[in-house]
Amino acid sequence: MSEADAGAKEEEPSKEEEKPVPAKQLDDRRSMSMDTNDELLALHSVYYNGKALRLQVTSPHIYYIVFRILRKVCNAIPALAVGLPLNWDKIEKPDNNAVVSLTKQYNRVAKPFATNWSGSYNTDVLHEWGEPNCNKLVATEITGYAYECAVPRPADLNHYYKSFTSETYGETNLEQMASIIDELKIGSHDVFVDLGSGIGQLVCFTAALAKCKKCVGIELSPTPANYASNLGDYFKKLMSFFGKNCGKYEHIQGDFLNPKFKKLICEEATIIFINNFAFSPDLMFRITNELLQELKNGTRIITTKPFGAHKKGITYRSTSDINAISQTIELKSMESGVSWTAKEVKFYCTTMDHAKLIRYYEEEQRKKDPNYNPVREESEVETKFCTVKRLP
Ligand SMILES: C[S@@+](CC[C@H](N)C(=O)[O-])C[C@H]1O[C@@H](n2cnc3c(N)ncnc32)[C@H](O)[C@@H]1O
């Protein structure tokens with residue numbers, strides 16, 4: 001059955017489903033259905049290039065999310081609500097059977113409607129929801145639905161995390177992430193890596209809004225990593241339903257210090273996100289010594305605690321700091337930019353700049369000898385961190 005036919009499945013049982021089923025097989029089917037509570041809710045897509053949304057009801061909260069999506073689509077195109085009961089959309093929280101029946105009735109109308117409507121983005125009616133690319137609002141809402149599907153009770157996340165350790169839970173809000181994407185002009189030329197990606201909402205959001213070449217999240221703790229994997233699956237279905245373009249994304253469970261990630265982090269990444277607010281000094285030391293010093297020139301690292309001494313130049317004493325081979329600036333920060341406090345948490349961007357130390361030494365030489373003219377040939381200079389190329 002094609003994706004586009006998904007919505008019709010519940011209305012017209014196929015011939016195969018009508019055949020008598022042997023008693024043993026029926027028992028097996030029932031127990032499978034009871035074990036997994038595997039009712040399938042399907043919504044036909046009326047978006048250009050959209051695919052039917054098919055969600056397994058793994059938990060009752062899925063009914064309510066489907067109801068809200070249905071309401072959203074019918075509010076945009078009231079003709080789709082023909083046949084739905086009067087004031088159906090005013091109900092605060094319909095019961096599960098009502099949602100099933102609303103989706104069936106909607107699908108009966110949406111399917112032929114979509115056939116007539118297809119071939120155009122219909123932005124006159126759908127506005128930004130008809131566009132093939134997500135703007136901030138659309139990316140935020142779709143990521144929000146995926147989050148709600150994958151994480152029914154966000155408060156539970158706090159139970160899995162150890163407080164005041166490197167694994168302490170805390171999320172960056174999408175509004176803050178959108179501001180960072182805008183300020184740093186993150187786009188399709190970038191490879192975005194979230195080191196300690198939690199439930200992975202930033203990875204999906206960045207894939208939708210910035211459409212990076214690749215977005216990868218690496219998370220150590222198995223519970224949030226599982227949520228991230230589910231969130232990624234829901235996100236894919238939702239983006240398809242709304243017919244939206246998206247960059248590639250991946251959620252990986254693992255320790256970002258594991259050497260197997262070195263190529264990704266040090267050679268491929270152009271933007272590295274580290275919400276290091278609660279990271280221990282030990283972990284910070286290892287990140288600086290095992291990863292940062294090997295990043296390629298121009299790589300930008302976004303953090304909630306600055307790596308480099310913000311705004312400071314190099315001094316004789318600090319030639320071995322990370323600051324000696326990078327520049328750190330403060331980014332625009334929002335109130336409530338993170339989940340763990342309503343206060344403003346600052347975000348910083350450190351850009352790797354290996355030539356900074358060379359420029360410092362040249363400047364020092366010039367102070368001693370105003371006629372000093374550095375050799376303008378390509379050569380290599382040893383720093384505490386690494387060997388850097390001195391360009392002519
Ligand atoms: C504060 S959360 C940030 C989540 C997400 N990046 C955000 O800003 O919304 C930090 C995450 O880093 C993870 N973490 C800490 N050390 C790690 C390591 N060595 N490898 C991978 N993840 C790690 C923690 O488990 C935690 O989920």
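Laid out as a table, the results:
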| read-out | value |
| --- | --- |
| Positions within the stretch 187-209 being on the phi < 0 side of the Ramachandran plot and surrounded by fewer than 24 Cβ atoms within 10 Å (Cβ to Cβ), in sequence order | GLY187, SER188, HIS189, ASP190, VAL191 |
| Residue match in the stretch 308-326 (condition: surrounded by fewer than 21 Cβ atoms within 10 Å (Cβ to Cβ), touching a strand residue (DSSP E or B) at 6+ places or on another chain (Cβ under 7 Å) and charged (D, E, K, R)) | no |
| Residues being more than 6 Å from the ligand (Cβ to nearest atom), in a loop (DSSP other than H, G, I, E, B) and either among the β-branched types (Val, Ile, Thr) or in contact with a helix residue (DSSP H, G or I) (Cβ under 6 Å, 6 or more places away or on another chain) (or both) - total across the stretch 187-204 | 2 |
| Residue in the stretch 208-228 that is farthest from ILE62 (Cα to Cα), counting only those that are within 14 Å of the ligand (Cβ to nearest atom) and part of a helix (DSSP H, G or I) | PRO222 |
| Boolean, MET177 is within 14 Å of the ligand (Cβ to nearest atom) and at pLDDT 95 or above | yes |
| Counted residues, the stretch 260-281 - those being at pLDDT 95 or above and part of a helix (DSSP H, G or I) | 9 |
| Test: residue in the stretch 79-92 that is surrounded by fewer than 18 Cβ atoms within 10 Å (Cβ to Cβ), of a type outside the set (D, E, K, R) and touching a residue at least 40 places away in the same chain (Cβ under 8 Å) | no |
| Filtered residues of the stretch 77-96 (kept if among the small types (Gly, Ala, Ser) and farther than 18 Å from LEU126 by Cβ) | GLY83 |
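The values are calculated or read from the model by the stated rules, or taken from the named source; none is laboratory data. Keep in mind the model is a prediction, meaning the values are calculated, not measured. Neighbour counts are summed over all protein chains in view; Cβ atoms, including those assigned to glycine, are modelled from backbone coordinates with ideal geometry.
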